[in-house]
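Asks: My questions will all concern the structure given below.
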Amino acid sequence: MPLLMLLLLGTVAFGVAFNQYLQLTGATSTGTRQLAISRGETTDPCNTAVTAIEAAAPTLSASKFTFAFVLNTTSYSGTSCSGAQTNLLAGQNIEVTVTYPCNVSFFNFRPTSGCTLRSQTQARVQ
């Protein structure tokens, strides 16, 4: 019986972590697409992407996201890159990387302690 419970708990923990990863990946893709089409429409392109990512993953805790951006070979980190709109050049590549800590616990037991989810997406500015 303990072995069966351990197997069941592991399966559930994996399912929760995988669900969080799918949400993170989808949200990162959404934010990257929003960033790719926002040339000329924003003075803070990173914040535009962050807002789209947070809206696309409502069940994940927005305060736990970590963001990194590469706009036309210039790197930015955090939720803001005010004035970086000059790096959004048509035809140039952008890259968005979002990390999120696994958040799985059952009765104060954390089987995924130290787990970090990472999603990275590239796009071409329109």
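Asks: Would you point out the residue of region 54-71, among those that are of a type in the set (S, T, N, Q) and free of Cβ contacts under 8 Å to residues at least 40 places away in the same chain, that is nearest to TYR100 (Cα to Cα)? I'd like the intermediate steps shown before the answer.
Replies: Within region 54-71, the first condition is being of a type in the set (S, T, N, Q), and the residues that meet it are 59, 61, 63, 66.
So of that shortlist, the ones also free of Cβ contacts under 8 Å to residues at least 40 places away in the same chain come out as 59, 63, 66.
Numbers: THR59: 12, SER63: 10, THR66: 7 Å.
Filtering first and then ranking leaves THR66.
Asks: Also: Only residues that are surrounded by fewer than 17 Cβ atoms within 10 Å (Cβ to Cβ), at pLDDT below 95 and assigned to a loop (DSSP other than H, G, I, E, B): list them for region 92-126, please.
Replies: Result: ASN103, SER105, PHE107, ASN108, ARG110, SER113, GLY114, CYS115, GLN126.
Residue by residue, here is whether (1) more than 30 Å from PHE14 (Cα to Cα); (2) among the hydroxyl-bearing types (Ser, Thr, Tyr) holds:
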residue	(1), (2)
GLU54	no, no
PHE69	no, no
ALA90	yes, no
TYR100	no, yes
LEU117	no, no
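Asks: Here are THR48, THR86, THR79: which of them is in contact with a strand residue (DSSP E or B) (Cβ under 7 Å, 6 or more places away or on another chain) and of a type in the set (S, T, N, Q)?
Replies: Checking each option against the conditions leaves just THR79.
Asks: Just to be sure I understand, how many residues within region 3-42 are buried (at least 16 other Cβ atoms within 10 Å of the Cβ), of a type outside the set (S, T, N, Q) and under 25 Å from SER82 (Cα atoms)?
Replies: Of the residues in region 3-42, 7 are buried (at least 16 other Cβ atoms within 10 Å of the Cβ), of a type outside the set (S, T, N, Q) and under 25 Å from SER82 (Cα atoms).
Asks: Within region 81-91, restricting attention to residues that are out of contact with any helix residue (DSSP H, G or I) (no Cβ under 9 Å at 6 or more places or on another chain) and assigned to a loop (DSSP other than H, G, I, E, B), which residue is surrounded by the most Cβ atoms within 10 Å (Cβ to Cβ)?
Replies: LEU89
Asks: Residue under question is PHE67, and the condition is that it be more than 16 Å from SER119 (Cα to Cα) and either part of a helix (DSSP H, G or I) or in contact with a helix residue (DSSP H, G or I) (Cβ under 9 Å, 6 or more places away or on another chain) (or both); does it hold?
Replies: no
Asks: Okay, next question. Which of the following residues is of a type outside the set (S, T, N, Q) and either within 19 Å of GLN126 (Cβ to Cβ) or surrounded by 17 or more Cβ atoms within 10 Å (Cβ to Cβ) (or both): PRO45, PRO58?
Replies: PRO45
Asks: Restricting the search to region 68-80, which residues are surrounded by 12 or more Cβ atoms within 10 Å (Cβ to Cβ) and at pLDDT below 95?
Replies: ASN72
The values are calculated or read from the model by the stated rules, or taken from the named source; none is laboratory data. It should be emphasised that the depicted structure is a prediction, and the values quoted were computed from it without experimental measurement. Note that we place each Cβ from the backbone using ideal geometry, even for glycine, and neighbour counts take in every protein chain shown.
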